[in-house]
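Heads up: the structure comes next, in structure tokens.
The values are calculated or read from the model by the stated rules, or taken from the named source; none is laboratory data. What you see is a predicted model; the values in this text were computed from it and never measured. Glycine also receives a Cβ, built like all others from the backbone with ideal geometry; neighbour counts cover every protein chain displayed.
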Amino acid sequence: MRSDNTLPVDDDVISRIFTSLPDFDSLYATILTCRHLHSIFKAFPVSIMHAVAENLVGPALPDALNALRHPDVEPPGVDFTPDWCSTSTGVTRIHPWEICPLVKTAQEIDYLERLFSIKFKDRRTDLMKESKLSAIESLRFRRAMYRIIFFSLVFCFDDPTPYASVNFQEWDLVAVRAARERYLRQWPVRELKEIHAAARFLYLLMCNSLDGEDPPTPFGPIKIIRGPSLVLDAYRQRSAIPGPHDYMFSDENWQHFVDGFLERTLSEILASDPPNGESLFGGVILDSGVILDSVHGKEDACSWCSQTHGVALYGCSNLEMLRDVQRLSPYQLPSAFKGNLRRNSVEGPKIVDFFEDAHACSCPLFPTDEDSETDECFRYTKLIGSLFAIRARELDIPEKSIGDQALCEDCVWQLVTDYTHLWWLQRMRDRGQAIPTENCWYGYECRTQIHKRGHATRLNHFCAPAPPKNHPLN
């Protein structure tokens, strides 16, 4: 159809171009270009809006819309029926007020998928660019996340206080659990396993946000109740401080609700398949195979110990993921210093303060994490690169960068514990700090450095013990 068009293409071609736009910002910018483009959009608003939404969210759009349009009911989810979850794959009207939450959630799911990709699919992924999941793998991951979002919105409530009143003494928890089961039984076992894997992934991210601290007993279920958005916020901020309502859920009177929020029903449904009916939040390793068809570098070996670790190796592309290794997280790195250095009365507090600041100023994983990266950002890439250079100098061997190698967690830890004290010494020199010329006989093992500031100031302790030949230590 040509119509009254000054553009060199037909209106139907332009409408098809509209449906290929990647996001709503692009759509709005396009239709505001001129009146004629806007009139074409007004002729086909439903199909164009739906197409752009599908370009943004992907084929998981029906599940995304189900989560977005969840009914707000009390008590939570008792009256659930499968009718609440549309299975329509046809064109659906996207209302203007739905766009912002749809975009926000899609961005969060995209962030989670990229994390999942570099952790379980391909460790060599350029972290700031894209997920390496195939189209079908991406669909499995995204629809599982959207279904968890729906579950957390429908079967939880923001404030348990009203339910503690006399008006809700007859509240039937059994009915709520039955409704949860009705929701999950919509899906085939394969897709329930995907939900299981996605929920386990969220739990692992949430534990990473604690920087090595062990979560309290109800912590895992509480955060899963809150859904992927809260878990992601905690992970990005490296803080999992409970919210005000989380303390209410922690109360023993509410443990019957928190306990097994998603785990219980999944386990009961999958009980006929024992390997998949185990505790979701226990010590079960995430089975990423239900989402992934293949893993890149599955048989890769550590460059130092030659043990096969697959994606659990660290090279130039994923060194920043060391923040998720408990003993290598910023809060735990002071323990890597040899001997009593972290307790040195002069440098010890500086070491602790430095890594506490490193926790707060870690290099953002993705550009969207912060407005800009500054020189103050702590980067594992810089730290490990410096340790490699120090190692080459100390062993008098040709220097190899981390770009040439991939190390397992144990070998990275060995590198860190062997040379971090020399890295700190070099850092002191680079900052113009005066280094004592005389070494303490006991080096980093010295105990006097802990409680005598004068001794710690007068002698260098960032060295190996080297007592005189006639000393009792020899």
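Tell me which residues, restricted to segment 332-384, are surrounded by 16 or more Cβ atoms within 10 Å (Cβ to Cβ), at pLDDT below 90 and small (Gly, Ala, Ser).
Scanning segment 332-384 gives 358, 362.
Need pairs with beta-carbon distance below 8 Å; first residue assigned by TED's automatic domain parsing to the domain that holds residue 198 and in contact (Cβ under 8 Å) with a residue 40 or more places away in the chain and within segment 113-140, second among the aromatic types (Phe, Trp, Tyr) and in a loop (DSSP other than H, G, I, E, B); sequence gap 6+ or separate chains.
Between residues of segment 113-140 that are assigned by TED's automatic domain parsing to the domain that holds residue 198 and in contact (Cβ under 8 Å) with a residue 40 or more places away in the chain and residues that are among the aromatic types (Phe, Trp, Tyr) and in a loop (DSSP other than H, G, I, E, B), the close pairs are 114/366; 127/366; 128/366.
State all residues of segment 94-121 that are surrounded by 20 or more Cβ atoms within 10 Å (Cβ to Cβ), within 16 Å of the chain's Cα centre (by Cα), more than 18 Å from residue 262 (Cβ to Cβ) and not aromatic (Phe, Trp, Tyr); if no residue qualifies, say none.
105, 106, 113, 114, 115, 117, 118, 119, 121, listed by residue number.
Please tell me if residue 48 is closer than 27 Å to residue 135 by Cβ, in a helix (DSSP H, G or I) and either free of Cβ contacts under 8 Å to residues at least 12 places away in the same chain or not hydroxyl-bearing (Ser, Thr, Tyr) (or both).
Against the criterion (closer than 27 Å to residue 135 by Cβ, in a helix (DSSP H, G or I) and either free of Cβ contacts under 8 Å to residues at least 12 places away in the same chain or not hydroxyl-bearing (Ser, Thr, Tyr) (or both)), residue 48 qualifies.
Which numbered condition trips up residue 74, out of (1) of a type in the set (Asp, Glu); (2) more than 23 Å from residue 140 (Cα to Cα); (3) modelled with pLDDT of 90 or more?
With (1) of a type in the set (Asp, Glu); (2) more than 23 Å from residue 140 (Cα to Cα); (3) modelled with pLDDT of 90 or more applied to residue 74, the lone miss is (3).
Tell me, please, whether a residue that is surrounded by 12 or more Cβ atoms within 10 Å (Cβ to Cβ), under 29 Å from the mean Cα position of the chain (by Cα), modelled with pLDDT of 90 or more and closer than 20 Å to residue 338 by Cβ can be found in segment 388-406.
yes
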